[in-house]
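Sharing a structure with you now.
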Amino acid sequence: MSFANRLLRFLTEFPLPPALPEGVEAFSPYQEPGPQELLTQFAHRYYSGNQPRVALLGINPGRLGNGRTGVAFTDPTALAAWGIPNELPRRREPSSEFMQAVIEALGGPAEFYQRFFLGSLYPLVLLKDGRNYNFYDSPAVTAALWPTIQEAVWRQATEVGLVRHAAVCLGRRNGLYFQRLNEELQLFDQLHILDHPRFLMQYKRKDLAANVAQYVDVLERISKKPQV
C-alpha cells in the first residue's frame, strides 16, 4: 500500500472524540466530501511511493487552511498553486504562506513531499465559539484528548510510515507536548523544535527569508542522514 493510501485511511477513519470540556468541539474535514476529495487528489499526486517521510508535525489543524482543503498547512491558494484546482475562497492562512515559501525553497511540492510529511500531533480541527483552538489551551482538554493524541502520533509513525531517526516539531510550546509524547512512546531518536510558522509570520515577517532559510537548513540536514 502506498504512503498516500495509508495516509488517506488514517485520516478519513480517524474518529471524532466524545464531548470535550469547556465547550470545545472537534471537526474532521477528512469526512466532508469537499475536503476529502481535495485531500485524495493531493495525496495521490504528491505522496506516491512507499518510502517513509520525515515528519513535520504541528499542533492541530485550523479551520481556514486544512479545515477547508483537507491538506495540512495548505490553504486554498497554496493548493491551487500546487496544481489542485478548487473553488474555495482565496483567503490566505499565515502558516500556509510560510510553508509554501519553505516548500518552494526545497524544490517545490513534487520534491518536498517525496521526502517530507506535513501533519499534526492531533489531526482534527478544534473550535471554541467558532474560532481555532489548540489542544493545549486548556489542561482539561489536553487531558481528555491525550490518549487519542498518543494514538494519532503512534499511528502516523508506524502505520502511515515516518522515518524514525528524527522528526520536526512546529511550535515551541507544541514542542513540550511532543517531547512528552516521545518520551512515552519512544518513536523518534531526535526531535528538532522550530518556531511555529504562524508565530513567524505574525511576529517576525520582516525576517521571512532568514526564517525560511533556517527551516531549509534543518530539513536538508535531517533528510540527508543515512537511514539504517
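Just wondering, is there one or more residues in the stretch 32-54 that are under 12 Å from the mean Cα position of the chain (by Cα), modelled with pLDDT of 95 or more and either over 25 Å from ASP217 (Cα atoms) or surrounded by 15 or more Cβ atoms within 10 Å (Cβ to Cβ) (or both)?
yes
Could you count how many residues in the stretch 26-54 are closer than 17 Å to LEU121 by Cα, outside any loop (DSSP other than H, G, I, E, B) and not aliphatic (A, V, I, L, M)?
The qualifying residues number 4.
If you don't mind, another one. So which of ALA209, ALA144, ALA140 ends up being in contact with a Leu (Cβ under 6 Å, 6 or more places away or on another chain), surrounded by fewer than 21 Cβ atoms within 10 Å (Cβ to Cβ), within 29 Å of ARG68 (Cβ to Cβ) and modelled with pLDDT of 95 or more?
Of the residues listed, the single one that is in contact with a Leu (Cβ under 6 Å, 6 or more places away or on another chain), surrounded by fewer than 21 Cβ atoms within 10 Å (Cβ to Cβ), within 29 Å of ARG68 (Cβ to Cβ) and modelled with pLDDT of 95 or more is ALA144.
With the condition being farther than 26 Å from GLU220 by Cβ, I'd like the strands (runs of 3 or more DSSP E) fully within the stretch 117-202 carrying at least 3 qualifying residues.
125-128
Continuing with the same structure: Mind checking which residues of the stretch 149-165 are crowded, with 19+ Cβ neighbours inside 10 Å and on the phi < 0 side of the Ramachandran plot?
Within the stretch 149-165, ILE149, ALA152, VAL153, GLN156, ALA157, VAL160, LEU162, VAL163 meet the criteria.
Residues being within 16 Å of the chain's Cα centre (by Cα) and outside any helix (DSSP H, G or I): count how many of those fall in the stretch 65-96.
8
When you check GLY62 against the structure, is it at pLDDT below 95 and assigned to a helix (DSSP H, G or I), yes or no?
So GLY62 fails the test.
The values are calculated or read from the model by the stated rules, or taken from the named source; none is laboratory data. Source: prediction; values computed, not measured. Note that we place each Cβ from the backbone using ideal geometry, even for glycine, and neighbour counts take in every protein chain shown.
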